[in-house]
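The values are calculated or read from the model by the stated rules, or taken from the named source; none is laboratory data. Note that this is a predicted model, so its numbers are computed, not measured. Here the Cβ positions follow ideal geometry from the backbone for every residue, glycine too, while neighbour counts run over all protein chains shown. For the accessible areas, the whole protein counts, side chains as well, though only heavy atoms, and no ligand, DNA or RNA atoms are used. Shrake-Rupley method; radii C 1.70, N 1.55, O 1.52, S 1.80 Å.
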Amino acid sequence: MLLMSLGGAALAVEKGQPPLTAQTQRSGGPTLPEQAALQFDSADLAIEILPERQNIMATATLAFTARAPLTRLIVDLDRNLPVSSVRIDGNPLAAGMWRNPDGRLTITLPRPLAKGERVTAAISYGGTPHVAVNAPWDDGFVWARTKDGKPWIASTAEGYGCDLFWPCLDFPTGEPGRVDLHITVPKGLSAPSNGVLVGTDRLRGGRSIWHWRIKHPNTYAIAINVGPYEQISGIYKSRFGNSVPMFYWHLPGEKAKAEALFAEFAPTLDFFESVIGPYPFADEKLGVVETPHLGMEHQTINAYGNRYAKAPEGFDWLFQHEFAHEWFGNQLTAASWDDYWLHEGFAQYMQPLYGRWREGEARYAVMLDTQRNRITNAAPLVSGTDRTEEEVYETSRGSPATDIYYKGAWTLHTLRWLIGDKAFFASTRRLIYGRPDPKPGNFTTRYGSTIEFERIVAEESGRDLGWFFNAYLRQAALPEIISTRRDGMLSLTWKAAAPFPMPIEIQVDDRVERVEMTGGTGQLAVPDGAHVVVDPASRILKRSIAVEALQAWQRDAAR
């Protein structure tokens, strides 16, 4: 991926500047009691984008309800965006009533807040937001230029969090009930963003204010996108009887390629509605915007920067993956970053499932095989502790890193075979919507966890599968199947950290037998001279010496 994917010279502020504190780089993890005591009712964000200075000027009006008595209001905000004034319930505070030494803005309330009371804080701030080094893997603003030199700007915040450019509660369960965005941009530029467009106001001199409104946004999903965009729109008639407005904002000069990508929107949406359930944000939109970085799952305004790449599976993996997050990440949000695999594992698995839906089992197998070769097994997917996003995503922190994608997807592939399609998709549906019968209007966004998913799977399958989830989520090493042949018998044993009674298929010449493996062992009579293949359809995620050898060779070659 190239930062300047359509060319243009870099602007003044260097990548990675201004530097971030450790607190601002931290997203999630253990929560301060004073922040946990805040119910985030709404945010009204008025942000002006100043491209030539790479600055923003903003006022955030935040409304909270206290779940417990409070004397201070603590929100997260990068200290590179100094606060110029604070008003509590409309009354200005003296400058000494707030401080932000490390990225955690602490406001002393003029009076104690009782449980159940509401408070509104209007925070004015501005400055140079952190410039991403390599968005979206490294977060911040991207200040780029189009071919003809016009500003092209985007934000990403999944890793470091929402506090990179607005005062927020920077942990997964800190979602506000509603956000209004008033984004002011220079003449000739548009600002597509989250939710529904309430209106656009034109100002003297050609500037414009774009007013968007979104319900229950993911904390890192609020997005700034600014550019000389052109728009494609349409309506999807849902299989659930409602309609979904669809929009794609793209740069000028790309009409044919943009229309080809837009043509993928409706079929992809139909796939998700057919196998998972109704699009969660049909009363807002399906929105995608072209960005100067690869992509990100910004709720109802997904970032797309894949440069209209073509692939043998016949669809754009980047669009499909980010769109999957409308269900796995935005509709369902992991209550803790420790359960991050629920976002990425499911979203990754949706790609081979979509390939299967379009073309059948061969495409599914090919796409899964590509993912299998990327599983590293360096750390368990789930630790059982409240981790930060970086502790889950960055290999230097001893994290599972990209295994939350590929190992997560293969865990789901194995689970689907083990319990069958009916129980698998029923479990997925309940995890996503909190109910078995989702229809437009009868559900809202929710938080979920690995433990909840395990409970749902047990109920839908009628089986205690703790051994399965412990083996794949809480152990790094994969189970290994050991097979020996002697005197007309094939003996099979699972080598694993704990009992692993995973059934397995065995091909004997031209027939396939299922061995139940009670207690982790099993036997099958095989004629002398018969050709035997263990797990011929690769139903099960298990240790592969061949894959390990490939990965070792790749590491050596890279050196």
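What angle, in degrees between 0 and 90 and rounded to the nearest 10, separates the Cα long axis of helix 545-558 from the longest principal axis of the Cα atoms of the chain? Tilt relative to the chain: about 50 degrees. Each Lys or Arg adds one and each Asp or Glu takes one away; over the other residues whose Cβ falls under 15 Å from the Cβ of Y236, this sums to -3.
What the Cβ-Cβ distance of A530 and I482 gives, at R0 = 22 Å and to the nearest 0.05, is a FRET efficiency of 0.70. Tell me which residues come under 5 Å, amide H to amide H, from T291 once H is placed; ignore anything under 5 positions away on its chain. Answer set, sorted by chain and number: Y304, G305. Within the chain, the longest run free of exposed loop sites, counting GluC sites (Glu not before Pro) that sit outside DSSP helix and strand states (H, G, I, E, B) and have at most 12 other Cβ atoms within 10 Å, spans 53-515. Less than 5 angstrom separates the built amide H of R145 from those of W152, all sequence-distant by 5 or more or on a different chain. Bridging of K257 to lysines at a Cα separation below 29 Å is possible for K147, K150, K187, K237, K285, K310, once same-chain residues fewer than 8 apart are set aside. The trypsin sites (Lys or Arg not before Pro) of the stretch 61-121 meeting both criteria, a DSSP state outside H, G, I, E and B (loop) and at most 15 other C-beta atoms within 10 angstrom of the site's C-beta, are R67, K115. Here the Karplus curve 6.51 cos²θ - 1.76 cosθ + 1.60, taken at θ = phi - 60°, turns the phi angles of the stretch 268-282 into couplings of 5, 4, 5, 4, 4, 5, 6, 9, 10, x, x, 4, x, 10, 5 Hz, with x standing for Gly and Pro.
Among the trypsin sites (Lys or Arg not before Pro) in the stretch 174-229, those located in a DSSP loop and surrounded by at most 12 other Cβ atoms within 10 Å of their own Cβ are K187. Each Lys and Arg Cβ is given +1 and each Asp and Glu Cβ -1; about its Cα centre, the stretch 276-339 then shows a dipole of about 260 debye. If you average the C-alpha positions of the stretch 282-316 and of the stretch 30-76 separately, how far apart do those two centres end up, in angstrom? Using only Cα atoms to place each centre, the spacing works out to 28 Å. Local charge for F315 was computed over the other residues whose Cβ lies under 14 Å away, with Lys and Arg +1 and Asp and Glu -1, and equals -2. In the context of the full set of protein chains, the stretch 162-318 has a per residue accessible area of 32 Å² (1.4 Å probe).
When Rg/Rh (Cα atoms, Kirkwood Rh) is calculated for this entry, the matching label among (1) 1.00; (2) 1.14; (3) 1.06 is (1). State the antiparallel share, in %, of DSSP beta bridges confined to the chain, rounding to the nearest 5. Of the beta bridges lying entirely in the chain, close to 85 percent run antiparallel.
Quote the relative contact order of the chain in percent (integer), defining contacts as alpha-carbon pairs under 8 Å separated by 6+ residues. That works out to 11 percent.
For the stretch 24-102, a crude dipole built from +1 on the beta carbon of Lys and Arg and -1 on the beta carbon of Asp and Glu, taken about the Cα centre, is about 240 debye to the nearest 20. Given their separation in residues at 0.36 nm each and the Cα-Cα distance between them, Q23 and R514 gain 171.5 nm when the chain is fully extended. Each Lys and Arg Cβ is given +1 and each Asp and Glu Cβ -1; about its Cα centre, the chain then shows a dipole of about 800 debye.
Just the protein heavy atoms count here, and of the accessible area of the chain at 1.4 Å, carbon and sulfur take up 52 percent. Amide H contacts of D41: A63, F64, T65, G177, each under 5 Å away and 5 or more positions distant or on a separate chain (H built 1.01 Å from N in the peptide plane; Pro and chain starts excluded).
The distance separating the Cα centre of the stretch 143-192 from that of the stretch 413-458 comes to 32 Å.
Remark: the stretch 8-69 carries 44 Å² of accessible area per residue (probe radius 1.4 Å; ligands, DNA and RNA excluded). Residue-wise HN-Hα couplings along the stretch 507-512, as the Karplus relation 6.51 cos²θ - 1.76 cosθ + 1.60 with θ = phi - 60° gives them from phi, are 8, 10, 6, 9, 10, 10 Hz; Gly and Pro carry x.
Local charge sum around P278 (other residues, Cβ-Cβ under 9 Å, Lys/Arg +1, Asp/Glu -1)? The answer is +1. The mean accessible area for residues of the stretch 387-492, using a 1.4 Å probe and ignoring ligands and nucleic acids, is 41 Å² per residue.
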